[in-house]
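Note sheet for the following structure.
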Amino acid sequence: MNFQELGIDQDIVDALAAKGITSPFPIQEQAIPVALTGQDIIGQAKTGTGKTLAFGIPVIERVIAPNDAEWATLEAQGAPQVLIVVPTRELCVQVTKDIEELSHNRGIRTLAVYGGRAFEPQIEALESGVEIVVGTPGRLLDLYRQGKLKLNKVSRVVLDEADEMLDLGFLPDVEKIFSSTPARTQTMLFSATMPGDIIALAR
């Protein structure tokens with residue numbers, strides 16, 4: 001099995017090949033075809049098994065970017081279309097890097113949002129326009145409550161490392177973020193383990 005057989009756009013296949021990635025991991029092989037149809041996904045996979053591409057490739061394919069013909073008809077140009085929620089700043093930086101490497105040739109703008117650094121650069125980037133926001137729950141909620149992060153046009157939400165989110169006490173924040181995305185049509189949840197609270201959230 002190769003990425004072309006999963007029905008992925010050629011530009012992403014080429015971007016993967018440039019990184020030496022030609023064959024999907026099992027979680028990618030199982031998740032990508034389902035995610036491309038727009039269905040919700042619950043995936044159980046440990047860290048380091050390729051989850052980022054499992055959700056990253058489908059969301060990149062569904063984003064309407066400034067370079068796309070459909071951009072001219074987009075109702076809210078520059079409003080985030082995808083929200084990826086992660087538990088830690090380290091994962092936030094890594095996921096953002098992986099997304100950017102696959103999407104740079106489409107003109108997709110991706111922003112990492114996490115605490116421990118100044119608000120101003122993140123706010124400036126949001127005001128300039130971004131298509132994909134990757135962030136930790138606390139900083140995402142801070143920016144949302146300040147009115148700087150608009151979630152009303154987000155159609156796809158990904159929750160990565162959900163069990164770690166639970167361990168860190170972020171679940172109430174995550175639920176608040178979810179309830180603030182009225183246009184959400186697809187949700188993807190990934191977790192290494194499935195404790196009861198995560199199953200309840202998934203349901």
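The values are calculated or read from the model by the stated rules, or taken from the named source; none is laboratory data. All of these numbers come straight from a predicted model, not from anything done at the bench. Cβ atoms come from the backbone with ideal geometry, glycine included; neighbour counts cover every protein chain shown. These area figures cover heavy atoms from the full protein model, side chains too; ligands, DNA and RNA do not enter into them. Shrake-Rupley method; radii C 1.70, N 1.55, O 1.52, S 1.80 Å.
Can you say whether T22 is closer than 30 Å to R203 by Cα, touching a Leu at 6+ places or on another chain (Cβ under 9 Å), of a type outside the set (K, R) and assigned to a loop (DSSP other than H, G, I, E, B), as far as the supplied structure shows? In short, no. Is there a residue being among the hydroxyl-bearing types (S, T, Y), touching a strand residue (DSSP E or B) at 6+ places or on another chain (Cβ under 7 Å), crowded, with 18+ Cβ neighbours inside 10 Å and not in a loop (DSSP other than H, G, I, E, B) anywhere in segment 112-130? No, segment 112-130 contains no residue that is among the hydroxyl-bearing types (S, T, Y), touching a strand residue (DSSP E or B) at 6+ places or on another chain (Cβ under 7 Å), crowded, with 18+ Cβ neighbours inside 10 Å and not in a loop (DSSP other than H, G, I, E, B).
The C-beta contact set for segment 1-13 (first residue more than 14 Å from P33 (Cβ to Cβ), second residue assigned to a loop (DSSP other than H, G, I, E, B) and polar (S, T, N, Q), distance under 9 angstrom, 6+ apart or interchain) comprises V13/N2; V13/T22. Tell me whether segment 137-151 contains one or more residues that are hydroxyl-bearing (S, T, Y), within 22 Å of I8 (Cα to Cα), surrounded by 14 or more Cβ atoms within 10 Å (Cβ to Cβ) and at pLDDT 95 or above. Looking through segment 137-151, none of the residues is hydroxyl-bearing (S, T, Y), within 22 Å of I8 (Cα to Cα), surrounded by 14 or more Cβ atoms within 10 Å (Cβ to Cβ) and at pLDDT 95 or above. Within segment 43-76, how many residues are under 12 Å from the mean Cα position of the chain (by Cα) and farther than 24 Å from P33 by Cα? Residues flagged as under 12 Å from the mean Cα position of the chain (by Cα) and farther than 24 Å from P33 by Cα within segment 43-76 amount to 0.
In the condition set (1) assigned to a helix (DSSP H, G or I); (2) modelled with pLDDT under 90, E90 is compliant with all but (2). Filter segment 144-203 down to residues that are assigned to a loop (DSSP other than H, G, I, E, B) and of a type outside the set (F, W, Y), then give me how many there are. So the answer is 25. Across segment 77-102, the qualifying residues are those that are farther than 21 Å from E164 by Cβ and open to solvent by 30 Å² or more (accessible area, probe 1.4 Å), and the one among them that is nearest to the chain's Cα centre (by Cα) is E100. Is it the case, given these coordinates, that F170 is in contact with a Lys or Arg (Cβ under 9 Å, 6 or more places away or on another chain) and modelled with pLDDT under 95? The answer is no for F170. Scanning segment 40-76 for residues that are outside any helix (DSSP H, G or I), over 20 Å from K150 (Cβ atoms) and open to solvent by 40 Å² or more (accessible area, probe 1.4 Å) yields D40, I42, Q44, K46, T47, G48, T49, N67. When R156, R109 are screened for being over 29 Å from D197 (Cα atoms), surrounded by 18 or more Cβ atoms within 10 Å (Cβ to Cβ) and in contact (Cβ under 8 Å) with a residue 12 or more places away in the chain, only R109 passes. I32: touching a Ser or Thr at 6+ places or on another chain (Cβ under 6 Å) and assigned to a helix (DSSP H, G or I), yes or no? Spelling it out, it is not the case that I32 is touching a Ser or Thr at 6+ places or on another chain (Cβ under 6 Å) and assigned to a helix (DSSP H, G or I).
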